Amino acid sequence: MKAELIDSMGNDLTAVNAARVSFAKKKDEFDDKDERLIRYLAKHKHWTPFGHIILQFRITAPIFVARQWYRHTVGFARNEESRRYIRDEPQYFLPESIRSAPEGSIKQGSGGSHIRDELWKLRYDGKVRECIDTYNTMIKDGVAPEQARMVLPQGVETSWVETASLYAYARLCNERMAEDAQKEIRDLAAQVDEQCRNIAPASWRYLTND
């Protein structure tokens, strides 16, 4: 999985200048007074100044992670690769370990590494490779890519470009980096978190309660 920052516009000063436009004021350098303003804005959920900081990522992740990620729709623009047109060999995600089901009556989440972790990783790997081999054979035999893709499993990777404001990414990361989120999506959100932090460190710190 990879989240690559490919473009951005704005920083902490962008947010404070947007907030101060009500008083027809503008600053050229960020200082401690501006950080206090950012803290106030974030604490009281005045989100619009943070909407002027824009980031664009190219993200690659397995389909099952992408579909969770896509549940965050407000403020996001996305364009995803399509296997109606792509014919090259799919790549797939291989987890570090296979986790056991959680104890008790919890229906979602997972526990520690499964006692037969290596066995299930081998079987998963074999089945995904079998599906990809079938896909490749269908393509070579002239089957339409839009139908050949039906055989591919959720572990196959997809890639997309998405653009959103810093505030939208803060909402996403606050939810997807929580302890009860699936590990794989936490790992992806952590990559976005690191890069958003570099763009607007003060804004990000207060928006994510870091």
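The values are calculated or read from the model by the stated rules, or taken from the named source; none is laboratory data. These numbers were taken from a predicted model, which means no experiment stands behind them. Please note: Cβ atoms are built from the backbone with ideal geometry, for glycine as well, and neighbour counts cover all protein chains shown.
Residue by residue through the stretch 6-37, note down the ones that are without any contact (Cβ under 8 Å) to a residue 40 or more places away in the chain, in a helix (DSSP H, G or I) and not β-branched (Val, Ile, Thr). Step through it out loud before you land on a result.
Of all residues in the stretch 6-37, those without any contact (Cβ under 8 Å) to a residue 40 or more places away in the chain come to 13, 16-29, 31-33, 36-37.
Those still in the list that are in a helix (DSSP H, G or I) too: 13, 16-23, 32-33, 36-37.
Scanning the stretch 6-37 gives LEU13, ASN17, ALA18, ALA19, ARG20, SER22, PHE23, ASP32, LYS33, ARG36, LEU37.
Do we find that PHE50 is closer than 30 Å to LEU166 by Cα, at pLDDT 95 or above and within 18 Å of the chain's Cα centre (by Cα) in this structure?
Details: closer than 30 Å to LEU166 by Cα: yes; at pLDDT 95 or above: yes; within 18 Å of the chain's Cα centre (by Cα): no.
So PHE50 does not fit the description; no.
Right, GLN147: surrounded by fewer than 14 Cβ atoms within 10 Å (Cβ to Cβ), within 28 Å of VAL74 (Cα to Cα) and not charged (D, E, K, R) or not?
Working: surrounded by fewer than 14 Cβ atoms within 10 Å (Cβ to Cβ): yes; within 28 Å of VAL74 (Cα to Cα): no; not charged (D, E, K, R): yes.
No, not satisfied.
Any idea which of LEU55, LEU13, LEU94 is on the phi < 0 side of the Ramachandran plot, crowded, with 16+ Cβ neighbours inside 10 Å and over 16 Å from the mean Cα position of the chain (by Cα)? Show your work before the answer.
Working: LEU55 fails: over 16 Å from the mean Cα position of the chain (by Cα); LEU94 fails: crowded, with 16+ Cβ neighbours inside 10 Å.
It is LEU13.
So, in the stretch 38-50, exactly how many residues are surrounded by fewer than 17 Cβ atoms within 10 Å (Cβ to Cβ) and in a helix (DSSP H, G or I)?
As a first pass, look at the stretch 38-50 and keep what is surrounded by fewer than 17 Cβ atoms within 10 Å (Cβ to Cβ): 39-40, 43-46, 48.
After this cut, where a residue has to be in a helix (DSSP H, G or I) as well, the list is 39-40, 43, 48.
Number satisfying all stated conditions: 4.
Any residue in the stretch 155-169 that is exposed (fewer than 15 other Cβ atoms within 10 Å of the Cβ) and either among the small types (Gly, Ala, Ser) or out of contact with any Phe, Trp or Tyr (no Cβ under 6 Å at 6 or more places or on another chain) (or both)? Show your work before the answer.
We begin by selecting, within the stretch 155-169, every residue exposed (fewer than 15 other Cβ atoms within 10 Å of the Cβ); these are none.
No, because not a single residue in the stretch 155-169 is exposed (fewer than 15 other Cβ atoms within 10 Å of the Cβ) and either among the small types (Gly, Ala, Ser) or out of contact with any Phe, Trp or Tyr (no Cβ under 6 Å at 6 or more places or on another chain) (or both).
Which one is nearest to ALA189 (Cα to Cα) among residues in the stretch 57-109 that are part of a loop (DSSP other than H, G, I, E, B), charged (D, E, K, R) and in contact (Cβ under 8 Å) with a residue 40 or more places away in the chain?
Looking only at the stretch 57-109, we keep the residues that are part of a loop (DSSP other than H, G, I, E, B), and these are 70-76, 81-91, 93-98, 100-109.
Still in the list and also charged (D, E, K, R): 71, 81, 83-84, 87-89, 96, 103, 107.
Subsequent filtering for residues that are in contact (Cβ under 8 Å) with a residue 40 or more places away in the chain retains 81, 83-84, 87, 89.
Details: GLU81: 20, ARG83: 25, ARG84: 28, ARG87: 29, GLU89: 26 Å.
It comes out as GLU81.
SER113 passes all but one of (1) free of Cβ contacts under 8 Å to residues at least 24 places away in the same chain; (2) in contact with a helix residue (DSSP H, G or I) (Cβ under 8 Å, 6 or more places away or on another chain); which number fails?
Among (1) free of Cβ contacts under 8 Å to residues at least 24 places away in the same chain; (2) in contact with a helix residue (DSSP H, G or I) (Cβ under 8 Å, 6 or more places away or on another chain), SER113 violates only (2).
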